[in-house]
Amino acid sequence: MHEKSIVERSLRVVENSKKKRKWYSLIDKVWDYQNLEQSFYDVKKNRGAQGVDKITIKEFEKELEHNLRVLQESLRTKTYRPKPVRRVFIPKADVSKRPLGIPTVGDRTIQAATKRILEPIFEQKFLDCSYGFRPNRSAHMAIEQIRQDLKDGYTYVIDADIKTYFDSIPHDKLLELIKEEVVDSSVLALISQFLKS
């Protein structure tokens, strides 16, 4: 029931963003209770471990309305501060280890809520040949496209990956690119906090 209104709002965001405008007021959409609630369920669907506060998804859900209202109020009053991420290291096939940061369930919920509002704005800027971390796209779809391209006579495939990029991404440059579309200072401050945590 709530999902439909959120989707309709996201579609309006996409439609309006085609008019090449800047977004001045988005934070109220981020802390909208329906958005936070659906974002929690997105987090729950992805599963994941507890953060530094040791609160599991199951524990967070036991007092879901209260927890979401606390998050909502902290965003509304600009007192929200993300907790540090819990760092773990995942073994890779080449014997090295990949660092992984695990935010708390509450922080992941707010990140998901922010993503749900910003994604429609930025999604249209990506090229059709881009598959990484995009909605309704997967690595399997990319492989299928490569197969089709090979059948069509293309002979080169280029796969680029920048080692530990998210650990070294220049925050100021990223924020400048975001500011080309979004100028809501509260949302920009929230993204900056995510990057620093």
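The values are calculated or read from the model by the stated rules, or taken from the named source; none is laboratory data. Every value quoted in this text rests on a predicted model; they were computed, and no experiment measured them. Cβ placement follows ideal geometry from the backbone for every residue including glycine, while neighbour counts extend to all protein chains displayed. In case anyone asks, the SASA skips ligands and DNA or RNA and just uses the protein heavy atoms, side chains included. Shrake-Rupley method; radii C 1.70, N 1.55, O 1.52, S 1.80 Å.
Side notes on the structure shown:
- Heavy-atom accessible surface of the chain, averaged per residue, reaches 68 Å², computed with a 1.4 Å probe.
- Gyration tensor (alpha-carbon) shape descriptor, segment 55-101, a/c threshold 1.5: oblate
- Computed P(r) (all Cα pairs; the chain; 5 Å bins; percent): 1, 6, 12, 16, 18, 17, 13, 8, 4, 2, 1, 0
- Per-residue ellipticity at 222 nm computed for the chain from its helices equals -17000 deg cm²/dmol, with DSSP H segments shorter than 4 residues left out and the rest contributing -39,500 (n - 2.57).
- Filter on LYS83/LYS179; LYS45/LYS78; LYS62/LYS196; LYS115/LYS179; LYS54/LYS78 - keep pairs with C-alpha separation over 21 Å: LYS83/LYS179; LYS45/LYS78; LYS62/LYS196; LYS54/LYS78
- The chain, dipole about Cα centre (Lys/Arg Cβ +1, Asp/Glu Cβ -1), debye to the nearest 20: 320
- For the chain, relative contact order (Cα pairs under 8 Å, six or more residues apart, normalised by length) works out to 30 percent.
- Centre separation in Å (Cα based) which lies between segment 26-74 and segment 78-96: 19
- Residues ASP42 and SER192, FRET efficiency given R0 of 25 Å [Cβ-Cβ distance, rounded to 0.05]: 0.65
- Rounded to 0.05, the FRET efficiency of the TYR33 and GLU61 pair, given R0 = 22 Å and the Cβ-Cβ distance, is 0.90.
- Legend: residues HIS66, HIS140, sorted from most to least accessible area (1.4 Å probe; ligands, DNA and RNA excluded), read HIS140, HIS66.
- Per DSSP, loop GluC sites (Glu not before Pro) in segment 111-192 with at most 12 further Cβ within 10 Å: GLU180
- The chain, accessible surface, carbon-and-sulfur percent (1.4 angstrom probe): 56
- Two-site FRET efficiency, HIS171 against ILE146, from Cβ-Cβ distance with R₀ of 25 Å, rounded to 0.05: 0.15
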